[in-house]
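Down below is the structure, laid out as structure tokens.
The values are calculated or read from the model by the stated rules, or taken from the named source; none is laboratory data. A quick note: this is a predicted structure, and the numbers were derived from the prediction, not measured. All Cβ positions, glycine included, derive from the backbone under ideal geometry; neighbour counts span all protein chains shown. Remember, those area values only see protein heavy atoms, side chains included, never the ligands or the DNA or RNA. Shrake-Rupley method; radii C 1.70, N 1.55, O 1.52, S 1.80 Å.
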Amino acid sequence: MSTTTISSFSRSIVFKVLIVLIFSMTLVVTGSILIFTSKQTNLMLEWSFNNNESMLSQIGYMASSEMKQFGDRLTLLSKTSEIQSLDPNTAASYLKSYSISSLFISGETVTLYNRENSFICDNSMVGIPTESPYPIDFSRITPHRPYLTPWFREATDAPPKRLFGISIMNRSNSSGYLIASFSLRRLWTNFPNYKIGRNGFLVAINGQGEILYHPDLKRWLTDTHKINELGFTEIDPRNYDVKKAQFQKLYDNEQYLVNYYFDSNTDFGLFAFQPKSEIDDLISSATQASLAILAISIFIILIVAAWMFYMLGLPLNRITKHIRKITDGDLDVEDIDVGNRKDELGQLSKAFNTMHDTIKRQIKELNAHRDILEQEVKERTKDLEEVNKKLELISKTDELTGLPNRREMNETIANEMGRSSRTHKPFCFIFIDIDHFKNINDTYGHACGDVILKSVAQTIRGLLRKYDVFARYGGEEFLTLLPETDLEGAAVVAERFRKQIEKMTVRYADFTIKITITLGVAKFDDRLGADRSIQMADKALYQGKEGGRNRVIVWKPEWVTEADYEAAAIELAALKKNAEVPKGQNFELSIDYLDDEPKKGNGTINDVVEDEESAESEDKQG
């Protein structure tokens with residue numbers, strides 16, 4: 001590998017990353033040490049448990065051996081001639097001799113009974129026979145193996161004892177029984193020789209869970225106490241077992257490592273309690289070593305991190321800030337300066353500075369082009385807004401009269417229906433038709449007809465309230481909506497319209513033209529709906545035409561037939577199904593002669609009027 005290649009690689013970020021990976025591996029090793037320390041902690045705990053278990057087995061073996069030796073001595077004693085003689089004087093002297101009395105400690109008694117279970121003698125120095133403190137079942141005593149009674153106390157403050165009994169077989173004389181008491185004090189003297197940690201302690205129990213020994217004799221051996229009083233839940237000492245290391249919280253609120261041993265043959269169990277604090281002390285040394293290693297590792301990592309921050313973090317941070325300023329629109333920011341670095345960061349900085357200059361040049365060009373486009377867009381938008389306003393006005397307004405058209409009126413009716421249902425106030429329709437409008441067109445021309453339409457529209461509009469609605473509904477017909485107006489009030493308004501038009505004179509060229517109108521009035525009936533209610537006004541208008549024109553006809557509610565209501569109910573049900581139809585379209589009138597009549601002539605509105613007048617004349621002639 002050439003020197004140039006090595007030099008280039010040494011300046012590469014990849015090389016620096018490799019260095020970081022080496023230190024990362026150091027961190028992994030540190031983690032491995034921590035894991036190893038954790039396992040060592042578990043091993044120390046298991047070691048303490050196993051050590052205590054071994055110690056407890058030794059103590060248990062010592063206790064079992066002590067009781068076995070006691071039984072063996074009693075067996076040997078029962079085979080001596082002095083005891084087998086069953087002679088009170090001989091046996092008593094023998095039991096009180098130094099060689100025999102030294103085998104027993106203070107408080108232990110040896111008593112001889114005949115086969116009738118009667119007292120013969122004992123080793124008492126006072127010579128007063130002592131009764132057995134515990135009832136003896138002589139039938140269970142055999143000559144080959146000592147019989148053991150359960151543990152008992154002669155007094156509440158006395159040490160626990162148990163009786164050993166063995167049968168005396170003498171062929172020349174009758175048989176008897178030798179009974180000896182075994183005091184637990186024999187074992188107490190040996191317990192201090194066994195250490196459970198530094199501050200651990202032993203507790204001895206019997207199969208019933210009664211405490212036979214506790215280091216605090218005054219508290220725990222002045223009366224009968226159970227092992228549960230130390231802090232255990234209800235346990236069966238004969239079946240209780242501790243197979244792995246576990247801690248138990250005792251009465252002093254301290255945690256202890258527990259070991260347990262029980263000998264069912266001697267009805268004797270042992271608990272070993274080692275404070276958890278001692279275990280923690282054993283573990284602390286390994287923990288401190290691990291912490292030291294961890295601290296060293298962290299220190300190394302911090303040094304590496306500082307170096308990485310200096311070599312990579314600071315330059316990248318400067319580049320990031322530079323990019324953020326450009327992103328925020330600050331194109332005049334200075335170029336990135338990373339010194340004379342020749343690695344990837346240096347190359348990246350130079351490339352970005354070049355790109356920055358290119359972006360600034362192109363942004364200026366784009367801004368200039370954008371200004372031109374924005375100006376064009378503003379002009380086009382303004383034109384579109386004006387056109388939309390005109391289109392909206394055209395879609396809602398009749399071009400000739402400037403009144404709302406039929407579509408706008410239908411939307412207004414829909415709104416008024418909703419308002420009336422909330423306020424429970426009536427509203428009425430006035431249907432208006434210019435009399436003999438076809439004759440006016442025929443006589444004076446269509447232009448004159450347009451002038452008359454405008455004049456009628458302006459006159460009636462001037463007679464309305466600000467919230468009344470007046471619309472051109474088709475041809476020479478107009479429709480008025482009177483909110484919050486009953487039938488009588490609508491009739492008065494219609495009569496006012498009629499009189500005002502009757503007084504009006506229209507001048508066209510050299511002609512003076514008189515005009516009259518016929519009006520039909522109807523009240524909105526929610527059972528009929530808007531379409532049928534307007535048809536009722538149209539029917540009233542038709543009656544006025546047949547009655548001679550120039551009059552107001554009010555359609556009375558009692559004129560509505562059940563057939564009308566049934567037809568309206570069918571139409572309204574169909575409208576409800578069409579929920580997506582735009583507002584206002586549900587109320588398009590179905591008056592055939594307004595919408596469905598073929599248009600003739602030149603297609604102007606006056607042609608439509610002429611056609612309708614012609615059709616009306618033909619109907620009357622027929």
Pair-distance profile P(r), taking every C-alpha pair of the range 349-498, with 10 angstrom steps and integer %: 9, 25, 21, 13, 9, 7, 7, 6, 2, 0
Per residue, in Å², the accessible surface of the range 317-404 once ligands and nucleic acids are set aside, probe 1.4 Å: 78
Rh by Kirkwood over Cα pairs, then Stokes-Einstein D for the range 131-222 at 1.306 mPa s and 10 °C, µm²/s: 104
Accessible-area composition of the chain, carbon plus sulfur, in percent [1.4 Å probe]: 54
Compactness of the range 338-418, expressed as Rg and Dmax over alpha-carbon positions, Å: 29.2, 84
With Cα atoms, 0 to 90° folded angle of helix 13-78 axis to the chain main axis: 40
Most to least packed among 565-575, 380-390, 153-163 [average Cβ atoms within 10 Å]: 153-163, 565-575, 380-390
For the range 228-281: rounded, prolate or oblate by the Cα gyration tensor [a/c cutoff 1.5]: prolate
Reciprocal mean inverse distance between Cα atoms of the range 39-187 - Kirkwood radius, Å: 16.9
Solvent-accessible area per residue for the range 198-287 (1.4 angstrom probe, square angstrom): 49
Residue-level accessible surface for T30, protein heavy atoms, 1.4 Å, Å²: 10
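R0 = 45 Å: FRET efficiency of K244 with S139, Cβ-based, nearest 0.05?
About 0.55, to the nearest 0.05.
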Anchor K466: lysines whose Cα lies under 24 Å away (excluding residues fewer than 8 positions away in-chain): K389, K390, K396, K425, K454, K499, K503, K523, K583
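May I ask for the percentage of alpha-carbon pairs in the chain that lie more than 30 Å from each other? Numbers along the way, then the final one.
Working: 146202 of 193131 pairs.
More than 30 Å apart: 76 percent of the Cα pairs in the chain.
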Loop-located GluC sites (Glu not before Pro) in the range 79-127, at most 10 other Cβ atoms within 10 Å (DSSP): E116
Cα long-axis angle, helix 446-461 against the chain (0 to 90 degrees, to the nearest 10): 50
Stokes-Einstein diffusion coefficient of the range 20-112, Kirkwood radius over Cα pairs, 20 °C, 1.002 mPa s, in µm²/s: 115
